[in-house]
1. If you roll a 1.4 Å probe over the chain with all protein chains in place, what percent of the accessible area is carbon or sulfur?
2. Can you tell me the FRET efficiency between I94 and V65 if r is taken as the Cβ-Cβ distance and R0 is 41 Å, rounded to the nearest 0.05?
3. Once every DSSP H run of n ≥ 4 in the chain is given -39500 (n - 2.57) and the sum is divided by its residues, what mean residue ellipticity at 222 nm do you get, rounded to the nearest 500 deg cm²/dmol?
4. With every protein chain kept in place and ligands, DNA and RNA left out, what is the accessible area per residue of segment 1-52? Probe 1.4 Å, answer in Å².
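The values are calculated or read from the model by the stated rules, or taken from the named source; none is laboratory data. Not measured: the values here are computed from a predicted model. Cβ coordinates were reconstructed from backbone atoms using ideal geometry, including for glycine residues, and neighbour counts include every protein chain displayed. Keep in mind that these areas ignore ligands, DNA and RNA; they rest on the heavy atoms of the full protein, side chains included. Shrake-Rupley method; radii C 1.70, N 1.55, O 1.52, S 1.80 Å.
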Amino acid sequence: MKEDNQLLVITHLSQLITLVIGFGSLIVPLILWLTQKDKVYQMDAHGKNIVNFQLSLIVYCLICVPLILFFGLGLLGFAVLGIVGVIFPIVNAIKASRGEAPSYPLSFNFIS
């Protein structure tokens, strides 16, 4: 296995592709993780964290949809999820460039 911090950074930042094309925040990191997890050191741990985070964001978005009917709380939830969905990939990309472990808050552990 080789150590490739640049690929780890790219994997974290690939979540932001949604800002450009409207989708792909789960698909691109998932493909990078599945193809490189046996070749790059720490890719398996980073990839699992990213996929768990993206799946958690999807679950939270599904919860926000009915909350729109309750005083617009769902709209506030969508705004918070949007901010979290942009900030934490950038923070964890910086951590990955330094060789630190990523940490995504409020993530469910779908893949362990």
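1. On the way: 4790 of 6680 Å².
Reported share for carbon and sulfur atoms: 72 percent.
2. Working: r = 32 Å, r/R0 = 0.78.
Plugging the Cβ-Cβ distance into 1/(1 + (r/R0)^6) gives 0.80.
3. Values: 5 runs with 73 residues, N = 112.
It lands at -21000 deg cm²/dmol.
4. Details: 2910 Å² over 52 residues.
Here the per-residue accessible area is 56 Å².
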